[in-house]
Each structure stands twice: as structure tokens, then as C-alpha cells.
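Colleague: One structure, pasted below without further comment.
A short reminder: the numbers here are calculations on the coordinates, not readings from a lab. Everything quoted here is computed from the prediction, not taken from an experiment. Ideal geometry is used to build each Cβ from the backbone, glycine not excepted, and the neighbour counts take in all protein chains shown.
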């Protein structure tokens, strides 16, 4: 046995055959160098027969296979995870593209663009009309007036808007699909057409790019990559990281003192992700902690991606729908502290203010945000508001403010209905019947002509009111009654007599205030006056059509709910600013308590009143124009707008003053282009005439 063991080489295993092995030991193995002691079961002294086989070495095929299988499993898991990231990136990209293509605000933007184009055409025609009136070209005035009336009536066609929207959506789809289609079809076309295989590398490159993008999205959102389950790698899709308190966006904590309606809005705000889905508000996230103040709810919205605070302002209807804001609650959006933030105000509360008008209170009312008085500039003005909106109270405030002004001021009141004028008799000049109205306007027209002659004689461009010749505020209420009353065939030419007061009265100290319940061109606003009544105060209107007529599509006066709330486009205020709450002068006793005053009437021939001291030298407007030219020696002339801005005047007033100084607008050449304005030689010649 010992000799047999020595004959067996190391590195092999001796294995007994099943037929020769002793019972109970058929699977025993005996390695060389190891002594096998017989056991009682083996039987003493019996020889054991077996076979010799090679033993497996470390690093042989079996272990290599196991190692390769492990590497393959890891690669499959990694590829599966990165493929999940690629799918994530593609789905997010497609969601963004789909939201961009199906943007619900696209139709509204196209309609607004069409309306803006009409407004630009209207402004151009109105400007030409003003110039034609200055030239007193009656034929051109008639033609341009008809064009302006056509533009006022023009409205975008629904069919045309639908077609433009479809065209815009198709263009967006084509732009979004161009890159994916190019990556998929381009390499195939190159392979089939030229046999080039290398463009096919664009496919794995695109896949790798998407995978990296998806991984970045997952990391940004704080998610896992993959986990092992049942021996296979199972990728975990990214989920938004919850905000503090368990809410995904805004905090769901109920502020102390919130009303039931405010709590409902705050609950919707906490559920922002779900409620904003599918409304075109991707990239908009509320900050976790909204606040409550005296005006209502205030929350900061952060924007990202294609959404900016400006584009978010065009989607306020979607924001209101997502938060289920009641119709009578106003919402405002203003810029935040940083560029990607916007402040949303949901005005569920109205501060408790004493709005009773008193003589010491300035302006027509207060800003509902700041509580500061809103003082409107002097001059012509259009006042509009439907029945019950507070127009009569606003007119009372305007007239009472004029009577209490420090500057000498007289009020003439044209009231075709007659009921309101009874309160003002003994304080203002009133006219009710067509005869009284024509007589009053004849006197005001004569006063205007005389003031123009005096101003030319004194070489001044602005009238300075005095006790003898005060500022005259002409208040017309109701404008629709005046339009229906006007009948030139019966010598009731009210509009014709009001027109020069609107166009030229400002520089002569005569302010026209036109008020109407029907702010529609032709029925409540004469087309002859509409172009020059640029300053407007509008209370609640009957609908969108009236709002667009007086303010434009960017405004929403028809949505004002509270009586006495008004919007204005003057005094530096715009569509995004808070409404004005008009002072309350509804008490008749407060009007009767105003001091009596002598009613104004024209005094013929009273043209040498001790007004402002006689000016010496050239008129101020002409002097300002010459000074501007001296600042730019290379200029061949100067536009009228630059002169008006330098003098802080309306363009029409500046044109009238220069026309009175003997200078007319002409075209001149500047840097190879034709410019409309005032020629250098004409201005300098007029200045020399005054210096002689």
C-alpha cells in the first residue's frame, strides 16, 4: 500500500469506484500524502481499489466562468440603470416639449399680438390725424377720421386666430422634433446612400448624452440610483424631494387668523404639484412659507427652465385656476428680489380705511396697495364706468377738488340729464338743455381764442391762470347723451365746439373731462375726441369690449368688483399696478356744504388782465429747441418728441407753441435718412427774429 501511494503523483485525487468501495464510503476521496486508517466498517486487512483523476487548479475554467458571470451581471445592472436615466431624460424632455407645443396661453398671445398690431395702426393714424388738424387739412382729416373709425371697429377674426394658432403649434412641433428625427434618420440615410457606417455612432452618443442628463436630474432631485432585488438590478425612478413638513411645495400649515376662503387657497397652494400639472405651469414652484398680511396672501414663486416671471405673468389665469381663486378676489404678480422670482399677491383682504372725502384730502383716492393718495395731472381726461361703478361719485370728487384748488379754477358743468346739477348751482356754471350747452360752449370757445391771442402777444406757450382768467374745467356728464343730442343740421353742433377744447385747450388753461357710461367709439366717445383723450380713468366697465376700447387688452377694468375701484393709465401707472379706491363723496350734504362761488362767464374784450409778467426773449419751447441743437452741432434738426420731453409738455402742446413761434414741422436729412421734425435753419431763424 505504501508503494502504491508513493507511485501516485501529487496534484491528483484517488477515488474509489462505486462497485469496489466499501459500504458507506462510496464518496470518500484519498489524497496522496495522507494516511488512511481503516475503520471497523472497512474491514481489516482488505485492499481498497479506486481510480486516479486530476484535481481542479485555482484559476481554471470554472472560477473564470464565475468571475465573468459576475462582471456581466454588474454590467447589465449598470446599463439598465443608465438606460433608466436615459428614458427619464427623454420623458422629461418630451414633457417639456409637449407643454411648449400645447401651451394654453399661445392662443391668447396670438390674439394679443393681433390686437397690438391694430393698436399700433390706430396710433399711427391718430398721429397723422393730429398733424392734419394742425395743418387744417379738412380733406385729410375726414379721410383719416374714417380710417380711425374703421380701426376702432376692427376685431380679430376667430377663424383667423385659430389658423394662426395651428400654424404656430405646427412650427413649434417641427422645431422640437427636428433634432430627434435627425439623430434617428440621419445615420440610416448616410448608411443607405453612401455606405458610411460611422454616422451610426450618433445613436450611442445620443443615448450616453441622455443618460448623463437623466443622472443629473436624479442627483438634483436627491434620488437613489439602483438597488438589488431578487438577484437583479432594479432602477429607482427619481421622485421630488418633499419640502419640510411633508408638503411637496408650499407649507400646509394653517396661518393663525386665516379665513375659510384663505385656508382653501393655502391648501391648494400646498398641493401645488398636483393642481398645477397640465396647466402649462412647469418650472413654477411656490416657496414653502406663504404669508398673510392686511392685503391677503403673499407667496414667492420661483421660476426655472423656459418659464420666467414675465412669461408667468401671461399665465395668471392658469395660476388662478390651479389655486381655485374666487372670481371676486384679485391677484397681482410683481417682480421678486432676484431675477427668477415673482411675488404673487392674492388680495383676499381689504384694509379698513376712512374713504370719506374732505377738502384737505388730495387726489381722487388712494392706491389700494400703499394707501398713498393718487393725484392726477391737470389736462383733458376721459372718465368711464358702467352704471353703479361709481362714476358720479368720481365726478363729484373731480369737481370738488377743482373748487378747492389753490390755483384759480372755475368749473363749468354740462349735465344733459339735469338731476345732479341741482346740487352744484351757486358753485359752478351749469348747462342742461341744448340751448344752454351751445351758449356755454360758445363762450368757452371765445375765451380759448382770446387766450391764444394773448399768449402770442406775450410770447408765452403756457397760460398762467389768474382770478380774472382762471383755469376752466369743463365737465361733461353724460357723454352718450351729448353724442345723441349732437345734430349739426339743427345747429346743435356740440361735438364740433368741444373738439378744439380737447385738442388745443390744455396749453390755454382749459381742461375737458369727458365722462360716459358707454365707453364705445361713436356711441359714448366721439371719434373726434378719442384720439386726443389719452389720459383715462376707468371704473368697472360692462365687459371686455368696453375695457379694450378705453384702456386696451392688457387691462381688466371689467373685472373690478368693488364699487369705486378705478384704473388709470396716467401718472406713471400701468396695467400691473393696484386699483385706486376713489374718495367717497356720495353724501349730498357734503356738496351743499362746499363754499359758494361766482359762476364763470366770458368777459368779451378783457384781454389785458394782469396775468403772468410779460416774457422777454424767445418763447421757452423755441429756446429749449435751440439749446438742444447747440448740444449736438452735427444735427440738422430735432424731432418734436425730443422738444416735448425737454419741456415736460405734451407733443401737441409743443407743436402748437412752435407753430405760434412761426416754426412748422418739416422733414430734414440726418445721417442719410429722412426725419420728421424741426429743421435747424428754421429754428435758428425764428430765434433771431425774437432777438431783434
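Colleague: Using r as the Cβ-Cβ distance of residue 485 and residue 287, and R0 as 51 Å, what FRET efficiency do you calculate, to the nearest 0.05?
Modeller: Details: r = 58 Å, r/R0 = 1.13.
The value I calculate is 0.30.
Colleague: For a test of the definition: using alpha carbon positions, the gyration tensor, and the 1.5 limit on a/c, classify the stretch 65-235 as rounded, prolate or oblate. Let's see the in-between values first.
Modeller: Details: a/c = 5.07, a/b = 3.03, b/c = 1.68.
Verdict is prolate for the stretch 65-235.
Colleague: Okay, moving on. Pulled fully out, how much extra length does the chain show between residue 264 and residue 425, if you take 0.36 nm times their separation in residues and subtract their Cα-Cα distance?
Modeller: Numbers: separation 161, 0.36 × 161 = 57.96 nm, distance 5.26 nm.
Length gained between residue 264 and residue 425: 52.7 nm.
Colleague: Given 0.36 nm per residue, what is the gain on full extension from residue 544 to residue 324 after removing their alpha carbon distance, in nm? Mind dumping the intermediate values first?
Modeller: Working: separation 220, 0.36 × 220 = 79.20 nm, distance 2.19 nm.
Between residue 544 and residue 324, full extension yields 77.0 nm more.
Colleague: What full-extension length gain, to one decimal in nm, is calculated for residue 80 and residue 109 as 0.36 nm per residue of separation minus the Cα-Cα distance?
Modeller: Working: separation 29, 0.36 × 29 = 10.44 nm, distance 4.32 nm.
Once the chain is fully extended between residue 80 and residue 109, it gains 6.1 nm.
Colleague: Show me 130-141, 196-207, 459-470 ranked by packing, highest mean number of other Cβ atoms within 10 Å first.
Modeller: Values: 130-141: 14.8, 196-207: 12.7, 459-470: 17.8.
In descending order of packing, they fall as 459-470, 130-141, 196-207.
Colleague: Please work out the FRET efficiency for the pair residue 205 and residue 667, using the Cβ-Cβ distance as r and a Förster radius of 56 Å; give the result to the nearest 0.05. Could the numbers behind the result be given before it?
Modeller: Details: r = 60 Å, r/R0 = 1.07.
Working from the Cβ atoms, E equals 0.40.
Colleague: On to the next question. Could you tell me which of rounded, prolate or oblate describes the stretch 244-347, using a ≥ b ≥ c as the square roots of the eigenvalues of the alpha-carbon gyration tensor, with rounded for a/c under 1.5 and, failing that, prolate when a/b is larger than b/c and oblate otherwise? The partial results should precede the final answer.
Modeller: On the way: a/c = 1.43, a/b = 1.32, b/c = 1.09.
Rounded.
Colleague: Could you sort 172-182, 491-501 so that the peptide with the highest average Cβ count within 10 Å comes first and the rest follow in order?
Modeller: Numbers: 172-182: 12.8, 491-501: 17.7.
Going by the mean number of other Cβ atoms within 10 Å, highest first, we get 491-501, 172-182.
Colleague: Let me ask something else about it. Which ordering of 372, 684, 113 is given by a fewest-first count of other beta-carbon atoms within 10 Å? Spell out each step's value before the answer.
Modeller: Values: 372 10, 684 16, 113 13.
Arranged by neighbour count, lowest to highest, 372, 684, 113 become 372, 113, 684.
Colleague: Okay, next question. Can you put 88, 628 in order of Cβ neighbours within 10 angstrom, beginning with the fewest?
Modeller: Numbers: 88 21, 628 18.
Neighbour counts put them in this order, fewest first: 628, 88.
Colleague: I've got another one for you. If packing is taken as the average number of other Cβ atoms within 10 Å across a peptide's residues, how do 383-392, 525-534, 646-655 rank, most packed first? Numbers along the way, then the final one.
Modeller: Details: 383-392: 22.0, 525-534: 20.0, 646-655: 18.3.
With the highest mean Cβ count within 10 Å placed first, the list reads 383-392, 525-534, 646-655.
Colleague: Another one. Take the alpha carbon atoms of the stretch 373-416, find their center, do the same for the stretch 539-585, and report the distance between the two centers in whole angstrom.
Modeller: Their Cα centres are 16 Å away from one another.
Colleague: Under a plain spin-label model, where a point goes 7 Å from the Cα along Cα-to-Cβ, how far apart in nm are residue 570 and residue 124?
Modeller: Here the modelled spin labels are 2.8 nm apart.
Colleague: Now for a different question. Using the alpha-carbon centroid of each, what span in Å lies between the stretch 178-194 and the stretch 278-337?
Modeller: When both Cα centres are located, 43 Å separates them.
Colleague: Can you give me the Cα centroid spacing of the stretch 432-473 and the stretch 96-133 in angstrom?
Modeller: Centre-to-centre (Cα) distance: 40 Å.
Colleague: How large is the Kirkwood hydrodynamic radius of the stretch 365-592, in angstrom, based on all distinct alpha carbon pairs?
Modeller: Details: mean 1/r = 0.0556 Å⁻¹.
Result for the stretch 365-592, one decimal place: 18.0 Å.
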